[in-house]
Amino acid sequence: MLPVFLFRMLYLNKYRAGLPQRFGFYPQEVRRKLRGDKTIWIHSVSVGEVIAAQPLIALLKSRYPESDFVVSTTTNTGNQVAQKYAGSNDTVIYYPIDFPWAVKRAVQAVNPKLFIMLETELWPNMIRTMGINNVPVFLVNGRVSDNSYGWYRKAVPVLKVVFKYISAFIMQAELDAERVTSLGASPEKVSYAGSLKYESAIGDEPEADEIMGMASDLGIQAGDTVIIGGSTHEREEEMLIKAFGKAKKECVSAKLILAPRHPERFSRVIALVKESGFVYSTRKKIREFNSEERKKREIIVLDTIGELKKVYNLGNIVFIGKSMFGRGGQNILEPAAAGKTIIAGPHMENFRDIMTQFINAKACVIVNNEIEFEEKLVSLCRDKAVSKEFGRRAKNLVVANCGAASRIADKITNM
């Protein structure tokens, strides 16, 4: 994993930011804030993990009122979102590269009494350093994807050494618990508590006036059918634009919002939309139009960070990015919590257990290729009653599965 990260840091801006911090060198003002000995350090890789962590952080703050909280991220976008969520006594830093000396400097600076890492970020030097310093380490909301499992099985001897320093493995689902046990975790340390993403999806909902204000900003009116491409990846924008053209024939008031997953692709997606011939704008530039001109925008590119969850509240139908041509998919729970009709492609491997629940509850639509996507999109635009029923089931499923934050917090505080 380390060579991959170093490559990303050298060539991708989202990993290059905060370079001194990645080697354990923190600004003086940060070091001053970290002088206590009751700090709880939570590591969330990127935007999704930062958002998922919020209900757990809120609970831990109520149970450890004397503690300060440090949130670390790996990506620049994750850092920006963490800064937005941070309280006045919280500190947001970049996670150090897993070199022994960089990790040692970081641990000495933060001086945590607990270290909590989300999902499956297994950096050996960090975990070992925490263990040597008698800092309890918790892997929470853990998951072992099909792809990761294949890689980890080749490193079982190393993992067994690392795992002995982890106090508890609190996994998302039974299969994740079975997999991490087979990789060398002691069975008595392993449990599962559900996914934090259900609660983070249902929480922090915008007020009605905020939603109305955003609708006005984007030129969306009552009666518009709004299609959203959420966290899209390569080739998916072209597919959405083409299908949108078909949907417009059935529903003249349809609008399309494209939210690319990676900021470095904003310019490419804007160029695609410009070439399509539709009347368009970007989120940043739409305020330059008067209210009547905004209403004429058929496609809007969401070229901002951290707004997608709110924007989902404006939609009717949401396509989940990285599910058609990529592998893994993106978070289905945020649009589900907003009660939206969800369409996903065949590749949602990173949300295996969640997708099983949605499919069994008939709370989403799965399509296998572009042709099926076009057909389903047109059908759902035509039959709004069917579309609303999918959205109702999706929201009910999210509400029914909340509770992981409390279960995880209980396990941490009872250790």
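Observations on the model:
- Charge dipole (the chain, unit charges on Cβ, about Cα centre) - positive-most of ALA208, VAL311, LEU139: LEU139
- Highest-fluctuation residue, MET324, MET212, MET117 considered, GNM on the chain with Cα pairs under 10 Å: MET212
- Think of each Lys and Arg Cβ as +1 and each Asp and Glu Cβ as -1; about the Cα centre, that makes the dipole of the chain roughly 740 debye.
- Estimated purely from DSSP H runs of n ≥ 4, each contributing -39500 (n - 2.57), the mean residue ellipticity at 222 nm for the chain is -14000 deg cm²/dmol once divided by its residues.
- Unit charges at the beta carbon, dipole of the stretch 208-400: most positive-side option, VAL367, TYR280, LEU397: LEU397
- Distance in nm between pseudo-label sites at ARG235 and MET212 (7 Å out along the Cβ direction from Cα): 4.4
- With 5 Å bins from 0: P(r) over the stretch 310-412, alpha-carbon pairs, percent: 2, 13, 23, 24, 20, 9, 4, 2, 1, 1
- Counting neighbouring beta carbons within 10 Å and listing from fewest to most, the residues GLU374, GLU293 come out as GLU293, GLU374.
- When you filter the trypsin sites (Lys or Arg not before Pro) in the stretch 311-373 for DSSP loop state and at most 13 other Cβ atoms inside 10 Å of their Cβ, you are left with LYS362.
- Cα centroid separation, the stretch 238-300 to the stretch 363-395 (Å): 20
- The Cα center of the stretch 111-138 and the Cα center of the stretch 58-96 differ in position by 16 Å.
- Neighbour-count ranking [beta-carbon atoms within 10 angstrom, fewest first] of THR413, THR129: THR413, THR129
- Protection proxy ranking for 390-396, 159-165, using the average of other Cβ atoms within 10 Å per residue and placing the highest first: 390-396, 159-165.
- Here each label is just a point 7 Å from Cα along the line to Cβ, and for ASP204 and ARG31 those points are 3.1 nm apart.
- 5 Å-binned pair-distance histogram of the stretch 128-248 (Cα, whole percent): 2, 9, 12, 13, 12, 10, 9, 9, 9, 8, 6, 2, 0
- A protection proxy built from the mean count of other Cβ atoms within 10 Å ranks the segments 137-148, 294-305, most packed first, as 137-148, 294-305.
- Within a Gaussian network of the chain (alpha carbon springs, distance under 10 Å), most fluctuating of ALA338, ALA385, ALA53: ALA385
- Burial ordering of GLU121, GLU238, fewest other beta-carbon atoms within 10 Å first: GLU238, GLU121
- Inverse of mean 1/r across different Cα pairs in the stretch 225-350, Kirkwood, Å: 14.5
- Residue pairs exceeding 22 angstrom between C-alpha atoms, taken from LYS104/LYS197; LYS274/LYS388; LYS322/LYS376; LYS242/LYS376; LYS104/LYS164: LYS104/LYS197; LYS274/LYS388.
- Within the listed set GLN80, GLN221, GLN330, the Gaussian network model of the chain (springs between alpha-carbon atoms below 10 Å) gives the highest mean-square fluctuation for GLN221.
- Hydrodynamic radius (Kirkwood) for the stretch 229-273, which is based on Cα pairs only, to one decimal in Å: 10.9
- Size descriptor, Kirkwood hydrodynamic radius, that averages inverse alpha-carbon separations across the stretch 84-176, Å: 14.4
- By the Cβ distance rule (another cysteine Cβ under 4.7 Å), the unpaired cysteines of the chain are CYS364, CYS402.
- All C-alpha to C-alpha distances of the chain, sorted into 20 Å bins beginning at zero, yield P(r) values of 26, 55, 19, 0 percent in whole numbers.
- Degrees, to the nearest 10: 208-218 long Cα axis against longest axis of the chain: 60
- Environment charge at ILE408 (Cβ cut-off 13 Å; Lys +1, Arg +1, Asp -1, Glu -1): +1
- Full extension of the chain between LYS362 and LYS246 gives 39.3 nm of extra length, using 0.36 nm per residue less the Cα-Cα distance.
- Summarising the label geometry, the points placed 7 Å from Cα in the beta-carbon direction at ALA86 and TRP151 lie 2.8 nm from one another.
- About the centre of its Cα atoms, the stretch 208-400 shows a dipole size close to 180 debye [charges on the beta carbon of Lys, Arg (+1) and Asp, Glu (-1) only; nearest 20 debye].
None of the figures in this text is laboratory data; all of them are computed from the coordinates on show. Keep in mind that what you see is a predicted model, and the values were worked out from it rather than measured. When we count neighbours, we look across all protein chains shown, and the Cβ atoms used for this are built from the backbone with ideal geometry, even at glycine.
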